[in-house]
Amino acid sequence: MKEQEPRFIVITGGPGSGKTTLIERLASEGYAHAPEAGRAIIQAQTAIDGPALPWRDKELFAELMLGWEMRSHAMMQGHPGPVLFDRGVPDIIGYRRLEGLPVPAHLSGAAHLCRYAKRVFLAPFWPEIYGRDAERRQDGETARRTCQVVAQAYADLGYEIVELPCRPVTERAALIRGMIGPPG
């Protein structure tokens, strides 16, 4: 297994838990970031009526997310200072487990190749802010289970999970800033 990449900070969790809002807040303070794969893929596939949508072909959707996450990881290698990732390769393991799909050897290999900081920030299911939209079709129970399987995927790979409080974005940002230091 490759060594951890201490500058690569993952913020993960279930859908609708405030991850992207938090990352956008920190990005506005100067932190580099890599956007979430899932939502972007859904938007692009919807625009072209493509097959790689989670409600059409879960396997293909997972493969596109894997390619996206590996590319994001590679692109940020030369970036100085902390880089925030809106999910990472282990999230795809969690997704496949949630959907009852096997975890293929190449995905396990990618999770060992694309390493992140030892501490992974988990935004837990937060029913008060959860909502569905055009890309987020999961019900609340599925969002809660997603958070659990994703957290387990990271734990299985040796990451330390730091659960974020269900607090305003300013407080969550201050917590992360205090743990990772200033932007590059």
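Brief remarks follow.
- Spin-label pair ALA105/ASP57, simplified geometry with 7 Å Cα→Cβ offset, distance in nm: 2.4
- Candidates per GluC sites (Glu not before Pro) in the stretch 58-105, loop by DSSP, up to 15 other Cβ within 10 Å: GLU99
- Net charge in the neighbourhood of ALA37 (other residues with Cβ under 10 Å of its Cβ; Lys, Arg +1, Asp, Glu -1) is -1.
- If only the Cβ of Lys and Arg carry +1 and only the Cβ of Asp and Glu carry -1, the dipole of the stretch 8-180 around its Cα centre is close to 260 debye.
- Dividing the C-alpha radius of gyration of the stretch 1-160 by 2.2 N^0.38 Å, with N its residue count, gives 0.97.
- Candidates per trypsin sites (Lys or Arg not before Pro) in the stretch 1-88, loop by DSSP, up to 16 other Cβ within 10 Å: LYS2, ARG56
- The chain - mean residue ellipticity at 222 nm from DSSP helices (-39,500 (n - 2.57) per run, n ≥ 4, rounded to 500): -15000 deg cm²/dmol
Each reported figure results from applying straightforward, stated rules to the coordinates on display, with no laboratory input. Computed from a predicted model, the values in this text were never measured in an experiment. No Cβ is skipped: glycine too gets one built from the backbone with ideal geometry, and neighbour counts run over all protein chains shown.
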